[in-house]
1. Test of understanding: among 76, 66, which residue is at pLDDT 95 or above, within 26 Å of residue 36 (Cα to Cα) and within 21 Å of the chain's Cα centre (by Cα)?
2. May I ask you to verify whether residue 101 is in contact (Cβ under 8 Å) with a residue 60 or more places away in the chain and either surrounded by 15 or more Cβ atoms within 10 Å (Cβ to Cβ) or in a helix (DSSP H, G or I) (or both)?
3. Within the range 54-70, is even one residue acidic (Asp, Glu) and in a loop (DSSP other than H, G, I, E, B)?
4. Of the residues 115, 133, which single one is out of contact with any helix residue (DSSP H, G or I) (no Cβ under 9 Å at 6 or more places or on another chain) and within 21 Å of residue 92 (Cβ to Cβ)?
5. Go over the candidates 150, 131, 116 one by one and state the one that is without any contact (Cβ under 8 Å) to a residue 40 or more places away in the chain and of a type in the set (Gly, Ala, Ser).
6. Would you call residue 94 surrounded by 14 or more Cβ atoms within 10 Å (Cβ to Cβ) and part of a helix (DSSP H, G or I)?
7. Select from the range 109-144 the residues that are out of contact with any Leu (no Cβ under 7 Å at 6 or more places or on another chain), more than 15 Å from residue 84 (Cα to Cα) and of a type in the set (A, V, I, L, M, F, W, C) and write down the one among them that is most open to solvent (accessible area, probe 1.4 Å).
8. Of all residues in the range 19-73, count the ones that are hydrophobic (A, V, I, L, M, F, W, C) and open to solvent by 50 Å² or more (accessible area, probe 1.4 Å).
Amino acid sequence: PLDRLAADAALRARELLAYAHGFGAAPPEPLDVWQDTARLAATHPDPRVAERLRTGCGRPGEDLDRAAAAWRAGGRAALDVLEHPWTPPQQQTARARTALATAWEAEELPPITVDGNRWTLTGRDLQLRLGRDGRWYPYRRRDGLWWPAGPPSTDPAEALADLTGLAGDM
């Protein structure tokens, strides 16, 4: 684990140095302890590390497993989508409804319940969540909890087709 931490620190130092000398983009805001724990759990190949993090993070182990799954799907933005509901502007919601209506036949589009940025397929254990980054994140309900179900998409119709397994049928 020490070699992974050293490599990670070196990468971050390189990014900061490049930015300081005008050769790179501004570095992202530092991760808080929970974000960094999720990142480590998601990216470290040794399962013993994830187990240690689960034990020491101060939250239920299942929370860390879900957070790590979100991080693997889309990094910090995906973790934010998992943990922070929000209400998108009406115009953004209307564009998403139009994209879905355009891409799907009316009788094929599953009924959807919208609650802020969470679009749940009525009667199914499937959900799309709109991130503040404008991407749609797929979720599946497992054991009563919503779990990230794959990478995000900028198109809600594509994300829904991928989530329902109907991508080839549209």
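The values are calculated or read from the model by the stated rules, or taken from the named source; none is laboratory data. Computed from a prediction, not measured in an experiment: that's the story for all the values here. FYI the Cβ positions are ideal-geometry reconstructions off the backbone, even for glycines, and counts take in every protein chain you see. Quick note on the areas: whole protein, heavy atoms, side chains included, nothing else; ligands and nucleic acids left out. Shrake-Rupley method; radii C 1.70, N 1.55, O 1.52, S 1.80 Å.
1. Working: 76 fails: at pLDDT 95 or above.
Within the list 76, 66, the selection yields 66.
2. Details: in contact (Cβ under 8 Å) with a residue 60 or more places away in the chain: no; either surrounded by 15 or more Cβ atoms within 10 Å (Cβ to Cβ) or in a helix (DSSP H, G or I) (or both): yes.
Against the criterion (in contact (Cβ under 8 Å) with a residue 60 or more places away in the chain and either surrounded by 15 or more Cβ atoms within 10 Å (Cβ to Cβ) or in a helix (DSSP H, G or I) (or both)), residue 101 does not qualify.
3. Here is the first cut: in the range 54-70, the ones acidic (Asp, Glu) are 62-63, 65.
Restricting the remaining residues to those that are in a loop (DSSP other than H, G, I, E, B) gives none.
No; the residues of the range 54-70 include none that is acidic (Asp, Glu) and in a loop (DSSP other than H, G, I, E, B).
4. Details: 133 fails: out of contact with any helix residue (DSSP H, G or I) (no Cβ under 9 Å at 6 or more places or on another chain).
Answer to the check: 115.
5. Values: 150 fails: without any contact (Cβ under 8 Å) to a residue 40 or more places away in the chain; 131 fails: without any contact (Cβ under 8 Å) to a residue 40 or more places away in the chain.
It is 116.
6. Values: surrounded by 14 or more Cβ atoms within 10 Å (Cβ to Cβ): no; part of a helix (DSSP H, G or I): yes.
Spelling it out, it is not the case that residue 94 is surrounded by 14 or more Cβ atoms within 10 Å (Cβ to Cβ) and part of a helix (DSSP H, G or I).
7. Taking the candidates together, the pick is 114.
8. So the first thing to find is which residues in the range 19-73 are hydrophobic (A, V, I, L, M, F, W, C), and the list is 20, 23, 25-26, 31, 33-34, 38, 40-42, 49-50, 53, 57, 64, 67-71, 73.
Restricting the remaining residues to those that are open to solvent by 50 Å² or more (accessible area, probe 1.4 Å) gives 20, 23, 25-26, 33.
Qualifying residue count, the range 19-73: 5.
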